[in-house]
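Some notes on the structure that comes next.
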Amino acid sequence: MDDADRDALAELRAQALLSRTQPAPFFVVENFLPNDLHDLVLDGLIGLESEFWSNRTAGRDALALVNPQPVGPVIAEMERRFDEILAALSAQGAPVNDIHGCHMEPPAVSASGHANFHAPHIDNDPLSGVDAVFTRRISFVWHAFRQPQAFTGGGLRLWDHSEVASEHGPWTPASTWNDHPCNDNTLVAFSSYSLHEVLPVQMFEGPFADRRFAVVTAAHAS
C-alpha cells in the first residue's frame, strides 16, 4: 500500500466516523422560574458573597459555594419537571436507562467574573478517580444574573459524540460542538457522558452582584 492508498483509507475512516457523529443530547427550559422566585434566589446568593470561595485549579476558575439554602426553589422545580427532562434526553439517545426515580446530588453554585471558565471535562469521567461521580447520568445548570447583563461569554459548549465506547464511557467525544448561550433564568440539562465546558466570561471590573451565577447538580443512576 503506497502513501496515496493510506491517505485515501484514512479519509474513508474519517468520513465513516463523521457519519456516526451525533449532537450531544440536551434539553433547554427558558423562564425556568417565575420572576419573583428567580429574584429571590439571585438576591439570596448575592447576599452570601462572603461565603463563596475560589475553586481555582488548572482546569477551572470561579467562586463557588456548595448547597446554599437559597437555591431550594431551583432544585424543587428540577425535581418537579424531572420526568419531562428524562423523557426528552432519552428520546435523543442519552444513556439514562438505569435512572429509576429522581436522585439528585447536593447542588453547587458558581459565581463567574472576568476570565473565569471551566475547561472541557466529562461529569462522570471514570478516569477522574472520584467514585462519587461515576453514577451521574444527567447534568443540570441553571443560569441567573442581574439585568442589564454586565458580562459576555459564559456559555456552555457541548461536544458532539460518536456512539463508540471509549475509556471515558459509552460515547467518544467528536471534534465538533454546539454552543449554548448563557441566558438568564434558563435551565440546560444534558447527558453527564458529554464532553463540555464553560466558555470564558468577559466583564468590566464590577461588584460581586454582577457576576454570572450558575446552579449545577446532577441526577444519578438508581
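The table below lists the values:
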{"quantity": "The chain, dipole about Cα centre (Lys/Arg Cβ +1, Asp/Glu Cβ -1), debye to the nearest 20", "calculated": "200"}
{"quantity": "Per-pair calculated FRET efficiency, R0 = 35 Å: Ala4 and Val66 via Cβ, rounded to 0.05", "calculated": "0.05"}
{"quantity": "Cut-off under 5 Å, modelled amide H: who pairs with Ala174 long-range", "calculated": "Asp160, His161, Ser162"}
{"quantity": "Exposure proxy ranking, count of Cβ atoms within 10 Å, fewest first, for Ser194, Ser90", "calculated": "Ser90, Ser194"}
{"quantity": "Pairwise label distance in nanometres, Ser54 with Asn178, each label 7 Å out on the Cα-Cβ vector", "calculated": "3.6"}
{"quantity": "Footprinting exposure proxy for Glu77, Glu167 (fewest neighbouring C-beta atoms within 10 Å first)", "calculated": "Glu167, Glu77"}
{"quantity": "Mean-position separation - Cα centroids, region 46-90 and region 191-222, in angstrom", "calculated": "8"}
{"quantity": "Full-stretch length increase - Ser128, Glu105 - with 0.36 nm per residue and alpha-carbon distance subtracted", "calculated": "6.5 nm"}
{"quantity": "Extended-chain gain in nm, criterion 0.36 nm per residue less alpha-carbon gap, Asn35 and Val164", "calculated": "42.2 nm"}
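A short reminder: the numbers here are calculations on the coordinates, not readings from a lab. All of these numbers come straight from a predicted model, not from anything done at the bench. Positions of Cβ are backbone-derived with ideal geometry, glycine not excepted, and every protein chain shown enters the neighbour counts.
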